[in-house]
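I have placed the structure first, in the form of structure tokens, so that the comments after it can refer back to it.
The values are calculated or read from the model by the stated rules, or taken from the named source; none is laboratory data. Quantities reported herein were computed from a predicted structural model and do not represent experimental measurements. Here Cβ is always computed from backbone atoms with ideal geometry, including for glycine, and neighbour counts include all displayed protein chains. In case anyone asks, the SASA skips ligands and DNA or RNA and just uses the protein heavy atoms, side chains included. Shrake-Rupley method; radii C 1.70, N 1.55, O 1.52, S 1.80 Å.
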Amino acid sequence: MKIIIQKFGGTSVATEQNRSMVADKVIDSIKKEYSPVVVVSAIGRAGDPYSTDTLLSLINNNNIDMEVENREIDLLMCCGEIISAVVLSDTFTKRGYKTRVLTGGNAGIITDDNYGNANIIDVGTENILAILEQGIIPIITGFQGITEKGDLTTLGRGGSDVTGAVLGDALNAEYIEIYTDVDGIMTADPRIVPNAKVISNISFNEVFQFADQGAKVIHPRAVEYAMNGNVPLIIKNTLSDAPGTTISTSRKKSNNTITGITHIANRTQITIFFTDCENNENNSIFELIGNNNICIELINVFRDQKIFTIDGNDQAKVDEILNNSHVNYRTINNCSKIAVIGNRLIEVPGIMAKILKTLDENKIPVLQTADSNTTVWCLVMENDTIRAINALHNAFCLEK
Ligand code: ADP
Ligand code: MG
């Protein structure tokens, strides 16, 4: 049996016409003698009747930290994928194909009880294999699992990608296809850079950086599962026949050092000021922040100040910690962390210089920078994001 995974995102299952294109893709692979396992997200986007955001808006959730509430929020969110899986199965039935809808739990996805962002601890494949052996198409509700005690959980936003990848790994699939509303992974989000171009081949490492640094097109954990199982991952458009992006361990040589640009908005930059004798005391602040489960990024340490950024959602907690510690500090909120992603960047001189020159020429102030072998980061003000990404996209000749 040549098993493949075909995962379809929210817009792919939003209308009868789109669902018919989904069926075309699946039936086409059956004709090529593959055994497809279909994974679906909830129908549509915020505002559409059964999307995850619409379901969430039905409850006024004031106390998101209470475990009992988070459990129930997960129950509510799981409905979205159940609806889309059953509706899609109807499309196949009308075309004469037999399907079986499986929830995450039915599909053997066992998680811990970290509701809202559960971790997968085991995957049992017996149910799916038994269905495939009967020549029936399994349709799995993405984004969800079940605890060992039998409570439904969700895997975090974008989690249907994770479902697809974890099943691809567990079932030893030939490949995993992630179908969405763009022609593949692009040099930048096409909603920000209209002339961004599709990348035909990319390595797992680079795409992981892309995903981890804000490119919504694929979930970073999905990239990890596919990479661990060494299962090729292909990103494609449900509504076109474009070849898409193939992600694998090897990558075709390209002339460009820079692969693409992405960003994460809503960052807050914090600068702590201190005198020399306060220096040691101040080191415990990072520990305090870490103990509160808050991640610190872009850290620069100087004799008289420490500068770092945090997720803007964590600002109230960090303010509390800093105020309780009686330190002198300044915050700049509404920042955006731009990530320029490439290959072996440290071996290529002049990249940071070119980035800084480009931003300077466009009068975009840079608040902080950092670099690694695959990424150069620049912190800018959020309202400069679109201009900064377009200027860098141009400067590195990434356009079509
Ligand atoms: P789905 O519901 O199919 O999972 P998502 O909205 O999660 O779709 O992901 C697709 C979206 O990701 C695209 O519409 C695009 O705007 C956005 N995106 C962000 N960065 C990139 C990128 N580098 N390449 C392609 N798409 C990107
Ligand atoms: Mg997605």
Single residue of L167, L239 found to be hydrophobic (A, V, I, L, M, F, W, C), part of a helix (DSSP H, G or I) and within 21 Å of K25 (Cα to Cα):
L167
Can you tell me which residue among I109, I137 is closer than 16 Å to V26 by Cβ and away from ligand 1 (no atom under 16 Å from the Cβ)?
I137
Considering each residue of the stretch 75-114, count those that are under 23 Å from G168 (Cβ atoms), part of a loop (DSSP other than H, G, I, E, B) and more than 21 Å from the chain's Cα centre (by Cα), and give that number.
7
Being out of contact with any helix residue (DSSP H, G or I) (no Cβ under 9 Å at 6 or more places or on another chain) and either open to solvent by 60 Å² or more (accessible area, probe 1.4 Å) or within 12 Å of ligand 1 (Cβ to nearest atom) (or both) is the filter here; which residues of the stretch 243-253 pass it?
P243, G244, S250, K252, K253
State all residues of the stretch 183-193 that are more than 22 Å from D241 (Cβ to Cβ), more than 7 Å from ligand 1 (Cβ to nearest atom) and open to solvent by 10 Å² or more (accessible area, probe 1.4 Å); if no residue qualifies, say none.
I192
Filter the stretch 170-194 down to residues that are part of a loop (DSSP other than H, G, I, E, B) and within 18 Å of the chain's Cα centre (by Cα), then give me how many there are.
11
Give the residue that is farthest from I128 (Cα to Cα), with candidates limited to residues of the stretch 166-181 that are within 10 Å of ligand 1 (Cβ to nearest atom) and in contact with a Lys or Arg (Cβ under 9 Å, 6 or more places away or on another chain).
T180
Looking at the stretch 1-14 only, could you name the residues that are within 16 Å of V86 (Cβ to Cβ) and out of contact with any Phe, Trp or Tyr (no Cβ under 8 Å at 6 or more places or on another chain)?
G10, V13, A14
Picked from the stretch 39-60 (must be without any contact (Cβ under 8 Å) to a residue 24 or more places away in the chain and under 18 Å from the mean Cα position of the chain (by Cα)), the residue surrounded by the most Cβ atoms within 10 Å (Cβ to Cβ) is D53
Take the residues of the stretch 18-38 that are in contact with an Asp or Glu (Cβ under 9 Å, 6 or more places away or on another chain) and over 11 Å from I3 (Cα atoms): which is surrounded by the fewest Cβ atoms within 10 Å (Cβ to Cβ)?
K25
Residues (surrounded by fewer than 20 Cβ atoms within 10 Å (Cβ to Cβ) and either within 13 Å of ligand 2 (Cβ to nearest atom) or free of Cβ contacts under 8 Å to residues at least 12 places away in the same chain (or both)) located in the stretch 197-234:
D212, G214, K216, P220
Criterion first (part of a strand (DSSP E or B), modelled with pLDDT of 95 or more and either open to solvent by 50 Å² or more (accessible area, probe 1.4 Å) or under 30 Å from N201 (Cβ atoms) (or both)) does I270 satisfy it?
no
